[in-house]
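Single-structure report; data block below.
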Amino acid sequence: MTAEELHFRAFRNPEHIRALAALIAQQAQGLGPVRIMEVCGGHTHAIMQHGLHTLMPENIQFIHGPGCPVCVMPKARIDQAIALAKEPEVVLVTLGDMIKVPGSDGSLADARAQGAAVHFVYSPLDALAIAAKHPDKQVVFFAIGFETTTPMSAALIESAQRAGVSNLLFHINHVTVPEAVSAILDSDDAQIDALIGPSHVSVITGAQIYQPLVDRFQLPVVVSGFEPLDILEGVHRIITQKRAGEAKLSIQYTRSVTYEGNPTAQALIARTFKKRESFEWRGLGAIAQSAWQLADRYSHLDAETIYADRFEANPREDHQACLCGTILRGAAKPTDCPLFKHPCTPQNPIGSCMVSSEGACAAYYRYGQEVRL
Amino acid sequence: MCLSIPSKIVSIDKEHNRAQVDTMGVGREVSLDLMPEPPQIGDYVLIHIGFAMNKIDEADALESIKLFEELLAAQDESGQGLP
Ligand code: SF4
């Protein structure tokens, strides 16, 4: 098997997918309903794209989780990004995912069309070149994402300090998976029987971040990769645990995930950031200890405090009928929303779940919507 | 944003701790600042927004595929299961 086949095609082999799905169906017989939350929007897309939900027996259901960083970003934070971009001396830099996310009054793309300086980049490190190119400007990096992108922002901060870059500030919006999932499990909204955790988060954090959830909620948790066979193997492990009446933490994506994770990345995060007491999530409300801010030693680089007097505190409410918040809590499907497809589409998104390429609404729009309930 | 892609290390620039990688035929440069151990040329790593995050263990991947093969063979033999 060539490396190409091994890394890109082997985990999509249709014969193996059918065989594993058949085994799951067989072993799930007599189990009663098993509601599996896939925490990450990337998994939601993979499930829809490969039609994995259609291969499952009646009693296995996928519940879509909150792991879409753009979807969970509250309007107030996007409003702050837009306010920063509109400052005459500021050049705002952020990842491409943020382009169309609606704030109270349009998106960053709209602000750019109206003359604000906004750069959408592929990697945080691109901010260094932009800062060098605009020595007379105040460049602000608007950092977003879960544990998978947090160490990259930390690496940017350290690189900028090492290189003596003096015109780069940071607006930090990094959020953490376990606290959000814990808030969902604590609420009565969604009945969840097991979790599939995303492999890339645990490449950084290790699988260990889920151990408290396993212990507290007696839930099977399987950290899985993103290929169809990885996801199905995750489901199979959950079913195996359910049959045995067990609730354990299991790593499916052993080809890159360990229990402990990446120590270099974790040390970098610990040097650069500290936890916020609380962070407001779109749809989930305020969750304690669920986000990062700059560590004290970097507080002089914090655009959030430096420009605090430019931010308005009253974001406009989301469209009343938009169910994005309920969907992020796993308590509704995109197809439950009266605005889904008419008029809400990726071209004309009304809520953040339709904007983001990882949002559940975008996945349903793109890959069809037949879901067995 | 969140999907990390397997990519092959093509060359390494030790001085800047960066590497040239190949992602399904697309070349790009990535930072090695997050790598717990320095990779070798020919290694597969997971890439995410301009950084290599970790190595991918090929022996482990092959082991998984072997298990899928065995599962398929077992089902073919018993003549059941395949819809
Ligand atoms: S379809 Fe649009 S309006 Fe409805 S929940 Fe999704 S994002 Fe909100």
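Please go through the range A:320-348 and pick out each residue that is farther than 17 Å from A:Arg35 by Cβ, more than 6 Å from the ligand (Cβ to nearest atom) and either within 14 Å of chain B (Cβ to nearest Cβ) or under 19 Å from the mean Cα position of the chain (by Cα) (or both).
Matches in the range A:320-348: A:Gly325, A:Pro346.
Identify the single condition in (1) buried (at least 20 other Cβ atoms within 10 Å of the Cβ); (2) farther than 22 Å from A:Asn167 by Cα; (3) aliphatic (A, V, I, L, M) that A:Ala113 does not satisfy, given that it satisfies every other one.
In the conditions (1) buried (at least 20 other Cβ atoms within 10 Å of the Cβ); (2) farther than 22 Å from A:Asn167 by Cα; (3) aliphatic (A, V, I, L, M), A:Ala113 misses (1) alone.
Listed residues A:Glu277, A:Glu312, A:Glu304, A:Glu260; which is more than 14 Å from chain B (Cβ to nearest Cβ), more than 10 Å from the ligand (Cβ to nearest atom) and free of Cβ contacts under 8 Å to residues at least 60 places away in the same chain?
Values: A:Glu312 fails: free of Cβ contacts under 8 Å to residues at least 60 places away in the same chain; A:Glu304 fails: free of Cβ contacts under 8 Å to residues at least 60 places away in the same chain; A:Glu260 fails: more than 14 Å from chain B (Cβ to nearest Cβ).
Matching residue, one of A:Glu277, A:Glu312, A:Glu304, A:Glu260: A:Glu277.
For the subset of the range A:65-90 comprising residues that are more than 14 Å from chain B (Cβ to nearest Cβ) and in contact with a Ser or Thr (Cβ under 6 Å, 6 or more places away or on another chain), which member is modelled with the highest pLDDT?
Looking only at the range A:65-90, we keep the residues that are more than 14 Å from chain B (Cβ to nearest Cβ), and these are A:74-90.
With the extra rule that they be in contact with a Ser or Thr (Cβ under 6 Å, 6 or more places away or on another chain), the set shrinks to A:75, A:79.
Working: A:Lys75: 89, A:Asp79: 94.
Selected residue: A:Asp79.
Consider the range A:351-367. How many of its residues are touching an Asp or Glu at 6+ places or on another chain (Cβ under 8 Å) and within 9 Å of the ligand (Cβ to nearest atom)?
1
Any chance the range B:56-70 includes a residue that's among the β-branched types (Val, Ile, Thr) and surrounded by fewer than 14 Cβ atoms within 10 Å (Cβ to Cβ)? Working first, answer last.
In the first step, residues of the range B:56-70 are kept if they are among the β-branched types (Val, Ile, Thr); the result is B:56, B:65.
When the remaining residues are screened for being surrounded by fewer than 14 Cβ atoms within 10 Å (Cβ to Cβ), the result is none.
Taking every residue of the range B:56-70 in turn, none turns out to be among the β-branched types (Val, Ile, Thr) and surrounded by fewer than 14 Cβ atoms within 10 Å (Cβ to Cβ).
Suppose we filter the range B:42-83 for residues that are at pLDDT below 90, closer than 21 Å to A:His200 by Cβ and of a type in the set (Asp, Glu); how many remain?
Of the residues in the range B:42-83, 4 are at pLDDT below 90, closer than 21 Å to A:His200 by Cβ and of a type in the set (Asp, Glu).
Determine if the range A:282-303 includes at least one residue that is within 20 Å of A:Val72 (Cβ to Cβ) and of a type in the set (Asp, Glu).
The answer is no, given that none of the residues of the range A:282-303 is within 20 Å of A:Val72 (Cβ to Cβ) and of a type in the set (Asp, Glu).
Which residue is nearest to A:Gly368 (Cα to Cα), if the candidates are limited to the range A:25-45 and must be surrounded by fewer than 22 Cβ atoms within 10 Å (Cβ to Cβ) and at the interface with chain B (Cβ under 10 Å from one of its Cβ atoms)?
A:Ala25
Residue-wise test of (1) over 20 Å from B:Leu46 (Cα atoms); (2) away from chain B (no Cβ under 14 Å); (3) more than 16 Å from the chain's Cα centre (by Cα).
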| position | (1), (2), (3) |
| --- | --- |
| A:Ala116 | yes, yes, yes |
| A:Ser123 | no, no, yes |
| A:Glu147 | no, no, no |
| A:Ser153 | no, no, no |
| A:Ser159 | yes, no, yes |
| A:Ser199 | no, no, no |
| A:Ile204 | no, no, no |
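Out of the range B:37-72, which residues are of a type in the set (Gly, Ala, Ser) and either more than 9 Å from chain A (Cβ to nearest Cβ) or touching a Phe, Trp or Tyr at 6+ places or on another chain (Cβ under 9 Å) (or both)?
Here is the first cut: in the range B:37-72, the residues of a type in the set (Gly, Ala, Ser) are B:42, B:50, B:52, B:59, B:61, B:64.
B:Gly50, B:Ala52, B:Ala61, B:Ser64 - these are the residues of the range B:37-72 that are of a type in the set (Gly, Ala, Ser) and either more than 9 Å from chain A (Cβ to nearest Cβ) or touching a Phe, Trp or Tyr at 6+ places or on another chain (Cβ under 9 Å) (or both).
For the range B:41-64, give me each residue that is more than 16 Å from B:Val26 (Cα to Cα), part of a strand (DSSP E or B) and in contact with a helix residue (DSSP H, G or I) (Cβ under 8 Å, 6 or more places away or on another chain).
Listed by number, the residues that qualify are B:Met53, B:Asn54.
The values are calculated or read from the model by the stated rules, or taken from the named source; none is laboratory data. Predicted model, so just to flag it, every value in this text is computed and none were measured. Backbone-built Cβ (ideal geometry, glycine too); neighbour counts: all protein chains shown.
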